[in-house]
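Note sheet for the following structure.
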Amino acid sequence: LSTHDTVRAINILSGSQICNCPRSVQAQSSLSSEEYNKGVELIKIAFAILFTLNGIPSIYYGDEVGLCGWADPFNRMCFPWKKENSDLLEYVKKLSEIRLTNQDIFAIGKLKFVRAHDNVICFKRFNNDEQIVCLVNLSNESISVKEYCSKVILSSKETKDGYLPMNSVMIGMI
């Protein structure tokens, strides 16, 4: 999602306009709490997609703990030891665990898109025995999870009465 040559993903996803400013402005700037929280919310969605699509997930150091950074050299800050976003780190660990415990699906399984319209994307990874679903809701309303899976494994936001809130992602089993 991020690299040493780009603005960190969390900053871009935050919606901050500082991303487009000169370095002299970036050197004096940081994300507001609201921008940071929006960035975390959206990077969780991006991580879920990264970990469930084909290929091997690769994370630029610090993204898994919410490290911020503008354009080079501000994207190469030191790892924030003892100041990590523990919620985000635990979320990424759970994504890693899902991949590890379902290696057959992610290594040699197939991919099928179930839905891709109205700001909702749903795809499944499957083999002959199991199916995992990734449901992304970027719409302006909650959507029913029951239509797509029978068991939620991980969600970026709490599902309420079987509904996935807007701007969130869910991984589940069929």
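The values are calculated or read from the model by the stated rules, or taken from the named source; none is laboratory data. Since the structure is predicted, the reported quantities are computational estimates derived from the model, not experimental observations. Methodologically, a virtual Cβ is constructed for each residue, glycine included, from the backbone with ideal geometry; neighbour enumeration extends over all protein chains shown. We work out accessible area using only protein heavy atoms, side chains counted, and drop any ligands, DNA or RNA first. Shrake-Rupley method; radii C 1.70, N 1.55, O 1.52, S 1.80 Å.
With PHE123, PHE113 as the choices, which residue is aromatic (Phe, Trp, Tyr) and in contact with a helix residue (DSSP H, G or I) (Cβ under 9 Å, 6 or more places away or on another chain)?
When all the criteria are applied, what remains is PHE123.
Regarding region 42-58, can at least one residue be identified that is over 16 Å from VAL169 (Cβ atoms), part of a loop (DSSP other than H, G, I, E, B), touching a residue at least 60 places away in the same chain (Cβ under 8 Å) and open to solvent by less than 60 Å² (accessible area, probe 1.4 Å)?
no
When you scan region 18-33, do you find a residue that is under 23 Å from ASN137 (Cα atoms), out of contact with any Asp or Glu (no Cβ under 6 Å at 6 or more places or on another chain) and not in a helix (DSSP H, G or I), even just one?
no
Does GLY39 satisfy the condition of being crowded, with 19+ Cβ neighbours inside 10 Å and within 19 Å of ASN167 (Cα to Cα)?
Answer is yes for this residue.
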